[in-house]
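Please treat every number below as a calculation from the coordinates, not as lab data. In this text the structure is predicted, and so the values were computed from the model without any measurement. Every residue, glycine among them, receives a Cβ derived from its backbone with ideal geometry; neighbour counts consider all protein chains shown.
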Amino acid sequence: MTETGAAIRIDQLTKTYASKGSAPKLALDSVSFDVPRGQIFGLLGPNGAGKSTLINILAGLVVKSGGTAEVWGFDIDQHPRNAKRSIGIVPQEILFDPFFTPREALEIQAGLYGIPAHQRRTAELLSAVRLTDKANAYARTLSGGMKRRLLVAKAMVHSPPILVLDEPTAGVDIELRQQLWDYVQQLNRDGVTVVLTTHYLEEAEQLCDRIAIINHGKLIANEPTRALIAKAQDKVVVVEVDRDIETVPDAACFDRVERTGERTLEIQYRKDRVNAGDVLAALQKEGLQIIDVSTKDPDLEDVFLSLTRAAA
Ligand code: ADP
Ligand code: MG
């Protein structure tokens, strides 16, 4: 195993889905990034961005078209078994046999990994995902949230150093979502590297150390969460003035200024450095009388939207 320091290393990963009767679909377009060990890493992107495709390539469920991927230092082509052993995946789609009980589902999974009976963690895992009292219930009688938690337990049966959750909170109510996150954070504190895909920005913002964003199969951001949020410090003020604007004014406190109408200006500034008052004072100094002002406070959602728009 190479000591790369990365839990997952993806280089120029590409996937084209062939489809009968229509053009091939480029779902991943030369995506490269590392997931550092020990982190909670968020993979964000709108529906159809390519998140599940990427995860499923790592899981060995989808065959890539190009590029390379390493899981815990193991190349997925050269060492597929070791790569698979190093990762536990909670798939987006809930699929399992409705006639197995949670206990049986975990025992079967442990059997698949060749884990001897005395080393199995069935009871511990059931308790960790709060399914002890459902241990012997048919899976089909479990709620959506319980099934999702059972899938998390199943992914952890072989104690992988990496846990990947693909849209784990879709269809899970708020209380259970919190329980799921508590468990995931506990695993992370115990040293498990966590990757989660989501399109809930707030969730990613709260949980993730680092966030990568993909859109239309392309990587468009990959930064510590704090740095990404700092981008949300950009604030925009829209100002209407009393006369037609001939020359667009400029001032040191403006990051960007644009004439959006005969008498309107859109000015971007950093709210951690200047306030709206400074911006308006600068305009008045230019001899412009202000008729109307509106401001906009961007959050991570705006950053996300502006990034995905710029890359469209
Ligand atoms: P995400 O998980 O981000 O929503 P996906 O990886 O599921 O995105 O899908 C990425 C793109 O690839 C989408 O346009 C989707 O329609 C397409 N796609 C996914 N799976 C298949 C498949 N098996 N065959 C053809 N196209 C697919
Ligand atoms: Mg998906």
At what distance in angstrom do the alpha carbon centres of segment 21-83 and segment 217-241 lie from each other? 26
So what's the net charge close to Pro36: Lys and Arg +1, Asp and Glu -1, counting the other residues with Cβ under 11 Å from its Cβ? +1
Interchain or long-range residues, amide H under 5 Å from Arg210's placed H: Ile40, Gly42, Thr225
Cα-based reach from Lys271 at 18 Å (exclusive), listing lysines while leaving out same-chain residues under 8 positions away: Lys231, Lys235, Lys296
All lysines inside 19 Å of Lys134 as judged from Cα atoms, apart from same-chain residues fewer than 8 positions distant: Lys147, Lys154
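Need one number: % antiparallel among DSSP beta bridges in the chain, to the nearest 5. All intermediate terms of the calculation are to be shown ahead of the outcome.
Details: 38 of 56 bridges.
Within the chain, antiparallel bridges account for around 70 percent of the total.
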Could you compute the FRET efficiency for Gln206 and Glu266, with r as their C-beta to C-beta distance and R0 at 30 Å, rounded to 0.05? 0.45
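Kindly state, to the nearest 0.05, the FRET efficiency for Ala18 paired with Thr247, given R0 = 35 Å and r defined as their beta-carbon distance. It would help to have the intermediate numbers written out before the result.
Details: r = 55 Å, r/R0 = 1.58.
My answer for the efficiency is 0.05.
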Just subtract the alpha-carbon distance of Ser159 and Gln186 from 0.36 nm times their residue separation and send over the number in nm, one decimal. 8.3 nm
Each label point is 7 Å from the Cα along the Cα-to-Cβ direction; what then is the distance between the points at Leu280 and Arg226, in nm? 3.3
Simple spin-label model, 7 Å along Cα-to-Cβ: Asp292 to Ala117 in nm? 7.7
Residue-wise, which Karplus ³J(HN,Hα) couplings in Hz belong to segment 143-150, taking 6.51 cos²θ - 1.76 cosθ + 1.60, θ = phi - 60°, and x for glycine or proline? 6, x, x, 5, 4, 4, 5, 4
Cut-off under 12 Å on the C-alpha distance; same-chain residues fewer than 8 positions from Lys84 excluded. Which aspartates and glutamates are left, in chain and number order? Glu70, Asp75
To make sure I understand, if each residue's beta carbon is the centre and we count other beta carbons within 10 Å, what order do Arg270, Arg148 fall in, fewest to most? Arg270, Arg148
Taking the alpha-carbon centre of each part, the distance from segment 105-135 to segment 251-274 in Å is 58
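If you take every DSSP beta bridge fully contained in segment 107-256, what fraction is antiparallel? Give it as a percent rounded to 5. Don't jump to the answer; show the numbers that get you there.
Details: 6 of 11 bridges.
About 55 percent, rounded to the nearest 5.
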